[in-house]
Amino acid sequence: MKRTAVIMAGGSGERFWPLSRTRKPKQLLNLASDKTMLEDSIERISPLINKEDIFIITSQLLLEPIRKALSDLPPENIIAEPLKRNTAPCLALSAGFIAERYKEEGFTESEISIAVLTADQNIHPNDEFIRTIESALDYVEKNPALATIGIQPDRPETGYGYIEVDSFFDKTHNEPEIKPVVRFLEKPDLDKAKEFLQRGNYLWNSGMFFWRLDTFINTMTKFTPEIGSRIDDIRKGYAKKTHIALPEALDRIAPLFESYPNISIDYALMEKADNVVAAKATFIWDDIGSWDSLDRVKKPDPDGNIIQGTTAVLNTKNSVIINASSKDKIIAGFGLDGFVIVATDDAVLICPKDKVQDVKKCVEKIRNEKGDKYL
């Protein structure tokens, strides 16, 4: 069985503006460690999957910046989408590319498994991550199933989607058990999140997926045929091109990709399919989605602050203050509680920490009123 990994890295990371920019979004930032988030993602999976079998799907705009940042990954393994779509078209594109790449090496679609990962998660310890991933891949390689990883909640989180499994996981041991999925649920309100936490058979949706290539194509064709039935056309479009570091997205697949609906993999496939299972994570997981998540991935000071760069702060607590400007300037603050302040050379963000999910709205206002200059 040929094991491969696909890392989706086309997002713009707007909730981390002004540090995250169009040409350097959060996956190219050092948010969780001294490496970029994309480098962390590759390093995390590389004990199980060789680097030549790891593929990055990104936007045309980020194709060369990512190739430059990931010099140890084959440049042809970093692939540009022809235009912005959603995760279902993205994964159909990766399926077509991988099918053609390994067909040329003599592998059939039933002999290829894929781990779908993202570039915006903080995960440790890595040996437990690998153990869970291997369990999920083993399962889908032997069964015509689609797998995901569910995270056992430790708080009533309203910012994540949830997965309901058919029975409780055994909490007396730390094993990556696998259970059938009953349904996927949208982000809940606080009361519903508390109920999910108490009931015990509801897990956070990690956004990681695992399948055999033939299972993915067959199931997508069954439930969303406007995408699945045309994956083979994508494969043919990449004929004799999968070992070439294309300078942009492939022209011949652009019309096909443009015809795809703008739909997530959850809506297009995972919520419809009847062959979905969830493996319980044996590792610690966090989604790095907005400025307040830094509290969970970095060690705050005794006052609960995350402070970086040239600053002078008095009587301040529970705040994120980052001076990322290359210019000789200082951020000074006093009497703050629960604020986010981030400064770059050309922009400053100031907002209450409990409003960081609305940074995207601020970015949209800037785009509408000032254009892309500050984005």
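Each reported figure results from applying straightforward, stated rules to the coordinates on display, with no laboratory input. Small disclaimer: the values here were computed from a predicted structure and weren't measured. Please note: Cβ atoms are built from the backbone with ideal geometry, for glycine as well, and neighbour counts cover all protein chains shown.
Of the Cα atoms belonging to segment 1-157, the radius of gyration and Dmax stand at 15.7, 48 Å.
When only the Cβ of Lys, Arg, Asp and Glu is charged (+1, +1, -1, -1), the dipole of segment 292-370 relative to its Cα centre reaches about 180 debye.
Of all beta bridges that DSSP places with both ends in the chain, some 45 percent have antiparallel geometry.
Rounded to the nearest Hz, the phi-derived 3J(HN,Hα) couplings of segment 292-307 under the Karplus curve 6.51 cos²θ - 1.76 cosθ + 1.60 (θ = phi - 60°) are 5, 5, 4, 4, 9, 10, 10, 8, x, 6, x, 9, x, 9, 9, 10, where x marks glycine and proline.
For the chain, the longest principal axis of the Cα atoms and the long axis of helix 213-223 meet at an angle of about 90 degrees. Taking amide H atoms as placed 1.01 Å from N in the peptide plane, the amide H of Val320 lies under 5 Å from those of Ile306, Phe339, Val340, Ile341, each 5 or more residues away in sequence or on another chain.
With the convex hull of its Cα atoms as the shape, segment 64-209 has an orientation-averaged projected area of 11.0 nm². Phi-derived couplings, Karplus 6.51 cos²θ - 1.76 cosθ + 1.60 at θ = phi - 60°, listed residue by residue for segment 231-244: 5, 5, 5, 4, 4, 4, x, 8, 3, 6, 10, 7, 10, 10 Hz, with x used for Gly and Pro. For segment 143-278, the relative contact order is 37 percent, taking Cα pairs closer than 8 Å that sit 6 or more residues apart in sequence and dividing their mean separation by the residue count. Over all pairs of different C-alpha atoms in segment 2-289, the reciprocal of the mean inverse distance, the Kirkwood hydrodynamic radius, equals 19.2 Å. For the pair Asn315 and Asp166, the difference between a 0.36 nm per residue extended length and the Cα-Cα distance amounts to 48.7 nm.
Look at Lys194, Lys365 and count the other Cβ atoms within 10 Å of each Cβ; fewest to most, that gives Lys365, Lys194. Only DSSP H runs of four or more residues enter the estimate; each adds -39500 (n - 2.57), and after division by the residues of the chain the mean residue ellipticity at 222 nm equals -8000 deg cm²/dmol. Out of all DSSP beta bridges with both ends in segment 222-375, state the antiparallel percent to the nearest 5. Percent antiparallel among DSSP bridges in segment 222-375 is about 30.
Counting other Cβ atoms within 10 Å as a rough exposure proxy, the listed residues Cys362, Cys90 run Cys362, Cys90 from fewest neighbours to most. Segment 66-139 and segment 183-255 have Cα centres lying 11 Å from one another.
Considering only alpha-carbon pairs that sit under 8 angstrom and 6 or more positions apart, the relative contact order computed for the chain is 21 percent. Treating the angle as unsigned and between 0 and 90°, give the value, to the nearest 10°, between the Cα long axis of helix 126-142 and the longest Cα principal axis of the chain. Once rounded, the angle reads 30 degrees. Full extension of the segment from Cys351 to Thr221, taken as 0.36 nm per residue of separation minus the current Cα-Cα distance, would add 42.3 nm. Using the average count of surrounding beta-carbon atoms within 10 Å as a protection proxy, the listed peptides 328-338, 23-33 rank, highest first, as 23-33, 328-338. Backbone phi angles across segment 196-208, fed through the Karplus curve with coefficients 6.51, -1.76 and 1.60 (θ = phi - 60°), yield HN-Hα couplings of 4, 5, 6, 6, x, 9, 10, 10, 6, 7, 6, x, 9 Hz in residue order; Gly and Pro are listed as x. Shape class for segment 292-370, computed from the alpha carbon gyration tensor (a ≥ b ≥ c): oblate, with a/c not under 1.5 and a/b at or below b/c. Peptides 215-221, 343-349 ranked from most to least packed give 215-221, 343-349, packing being the mean of other C-beta atoms within 10 angstrom over each peptide's residues.
Note on Leu190 and Asp274: the model spin-label points, each 7 Å out from Cα along the C-beta direction, lie 4.1 nm apart.
Between the Cα long axis of helix 359-370 and the first principal axis of the chain there is an angle of about 80°, rounded to the nearest 10.
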